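Quick notes on the structure that follows.
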Amino acid sequence: MVTRILSENEQDLRLAGEIIAAGGLVAFPTETVYGLGANALDPDAVRKIYEAKGRPSDNPTIVHIADESALKQLTWRVTPDMQRLARKYWPGPLTMVVPRRDTVPNVTTGNLDTVGVRMPDHVTARALIQAAGCPIAAPSANLSGKPSPTTVEHVIDDMDGRIDAIIRSTPCTIGIESTVIDMTGELPMILRPGFITREDVARTLGKDILVDPTLNEKPEPGVEFRPKAPGMKYKHYAPEADMIIFEGETEAVEAAMDEERAERESLGQKVVVIRYSQEDTETAAHEFFAALREADKDKADIILAAALPQEGIGFSVMNRMLKSAGYNVRKV
Ligand code: AMP
Ligand code: MG
């Protein structure tokens with residue numbers, strides 16, 4: 001298949017909308033990461049997403065909408081809490097898991113009776129949804145297991161020849177995927193941490209927000225690992241290189257990383273170091289996936305990464321970092 005590279009002008013967005021409406025696949029920019037979109041209500045189209053990505057079929061997609069009224073087409077229950085969160089965070093990087101209507105096909109939700117819905121804050125993403133005239137199911141536009149794509153080059157690397165079109169845009173401003181929050185229980189529960197934090201949502205709703213207890217915990221061998229978002233159980237964000245996360249006081253971490261690096265380099269290994277300011281976790285979120293892909297391009301043998309404080313956005317970046325390192329943490 002020849003993949004067309006489209007721009008963000010009106011004519012190209014109209015064409016991209018036609019491709020989606022006709023059951024094709026288009027990768028498009030959002031503020032979080034690039035998404036791989038199909039008509040969310042067309043099971044054959046959504047099935048192609050799973051094929052192109054090599055994604056396990058029980059890992060649901062997120063359904064993207066361009067205006068709040070579309071929420072009612074997807075769910076029969078809109079609660080005051082959902083309305084409050086939509087008003088505060090939409091358009092933006094928050095996905096709400098809600099009961100689904102029968103109009104949403106099984107393949108879109110990985111056979112769950114709930115559906116994840118989000119309104120993206122990227123003008124191009126919303127223009128595409130409007131041009132297509134349907135909600136767009138879209139996971140991240142990477143091959144399954146690889147880091148999520150935050151630039152169009154990442155998308156081209158993974159998807160060229162596998163999908164109908166890619167919309168070229170600038171790098172994603174946030175850089176990690178949306179916060180996923182389950183709105184079907186007594187209290188809302190964070191299933192995937194993101195740029196919008198538990199603390200943010202708790203402040204908005206004025207109530208306790210639960211967090212899936214399996215997040216950022218190393219799976220116990222022999223014990224079934226069952227995070228509530230099915231996608232969280234799979235191998236994720238895996239660079240080609242091995243990876244070690246160093247955790248501890250800043251100076252001790254620096255010293256241990258320098259020592260490890262020198263030792264590895266003396267053995268002729270290619271070492272990549274990933275280190276961010278402990279205060280500026282937004283930059284870490286923005287850079288992390290690109291840094292993993294860069295390490296692959298550089299043919300790194302080993303990645304040494306400094307842990308971030310596990311609060312706020314730091315918790316969300318650590319969620320990705322722990323997965324990419326296979327929970328290989330060295331406490332110093
Ligand atoms: P991605 O689109 O690659 O960001 O992946 C979507 C993420 O949202 C995966 O981790 C899914 O498991 C999660 N997700 C989407 N819909 C649901 C749902 N209905 N219930 C729980 N998790 C969901
Ligand atoms: Mg993904």
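The values are calculated or read from the model by the stated rules, or taken from the named source; none is laboratory data. No experiment lies behind these values; they were computed from the predicted model shown. Methodologically, a virtual Cβ is constructed for each residue, glycine included, from the backbone with ideal geometry; neighbour enumeration extends over all protein chains shown.
Hey, Ile181 hits all of (1) over 20 Å from Lys53 (Cα atoms); (2) within 16 Å of ligand 2 (Cβ to nearest atom) but one; which does it fall short on? Ile181 satisfies every listed condition except (2). When we screen Thr75, Thr103, Thr124 for residues that are among the polar types (S, T, N, Q) and under 24 Å from Met232 (Cβ atoms), the only hit is Thr75.
Taken as a whole, the condition of being part of a loop (DSSP other than H, G, I, E, B) and over 16 Å from Thr150 (Cβ atoms) applies to Glu224.
Evaluate the following for Pro135: is it within 17 Å of the chain's Cα centre (by Cα) and at pLDDT 95 or above? Against the criterion (within 17 Å of the chain's Cα centre (by Cα) and at pLDDT 95 or above), Pro135 does not qualify. Total residues in region 105-122 satisfying the condition of being closer than 29 Å to Thr204 by Cα and β-branched (Val, Ile, Thr): the figure is 4.
Of all residues in region 286-295, none satisfies being away from ligand 2 (no atom under 16 Å from the Cβ), buried (at least 17 other Cβ atoms within 10 Å of the Cβ) and modelled with pLDDT under 95.
Within region 81-93, identify whether any single residue is under 24 Å from Met232 (Cβ atoms) and within 16 Å of ligand 2 (Cβ to nearest atom), and answer yes or no. Yes. The helices (runs of 4 or more DSSP H) located wholly in region 231-332 that include 3 or more residues which are within 15 Å of Gly175 (Cα to Cα), within 24 Å of the chain's Cα centre (by Cα) and of a type in the set (A, V, I, L, M, F, W, C) occupy 281-297, 312-324.
For region 121-144, the set of residues classified as within 15 Å of Ala38 (Cβ to Cβ) and either assigned to a loop (DSSP other than H, G, I, E, B) or within 16 Å of ligand 2 (Cβ to nearest atom) (or both) consists of Ala125, Gly133, Cys134, Pro135, Ile136, Ala137, Ala138, Pro139, Ser140, Ala141, listed by residue number. Looking only at region 282-293, decide whether some residue is touching a Leu at 6+ places or on another chain (Cβ under 8 Å), closer than 30 Å to Asp81 by Cβ and of a type outside the set (Gly, Ala, Ser). Taking every residue of region 282-293 in turn, none turns out to be touching a Leu at 6+ places or on another chain (Cβ under 8 Å), closer than 30 Å to Asp81 by Cβ and of a type outside the set (Gly, Ala, Ser).
Per the conditions (1) away from ligand 1 (no atom under 16 Å from the Cβ); (2) surrounded by fewer than 20 Cβ atoms within 10 Å (Cβ to Cβ), the sole criterion not satisfied by Phe225 is (1). Could you grab me the full set of residues in region 310-332 that are touching a Gly at 6+ places or on another chain (Cβ under 9 Å), more than 19 Å from Ser178 (Cβ to Cβ) and not basic (Lys, Arg)? Answer for region 310-332, where residues must be touching a Gly at 6+ places or on another chain (Cβ under 9 Å), more than 19 Å from Ser178 (Cβ to Cβ) and not basic (Lys, Arg): just Val332.
Candidates Thr75, Thr103, Thr95: the one that is more than 19 Å from the chain's Cα centre (by Cα), hydroxyl-bearing (Ser, Thr, Tyr) and farther than 18 Å from Ile20 by Cα is Thr75. The set of residues in region 214-243 being without any contact (Cβ under 8 Å) to a residue 40 or more places away in the chain and either more than 23 Å from Arg55 (Cα to Cα) or not aromatic (Phe, Trp, Tyr) (or both) consists of Thr214, Glu217, Glu220, Pro221, Gly222, Val223, Glu224, Arg226, Pro227, Lys233.
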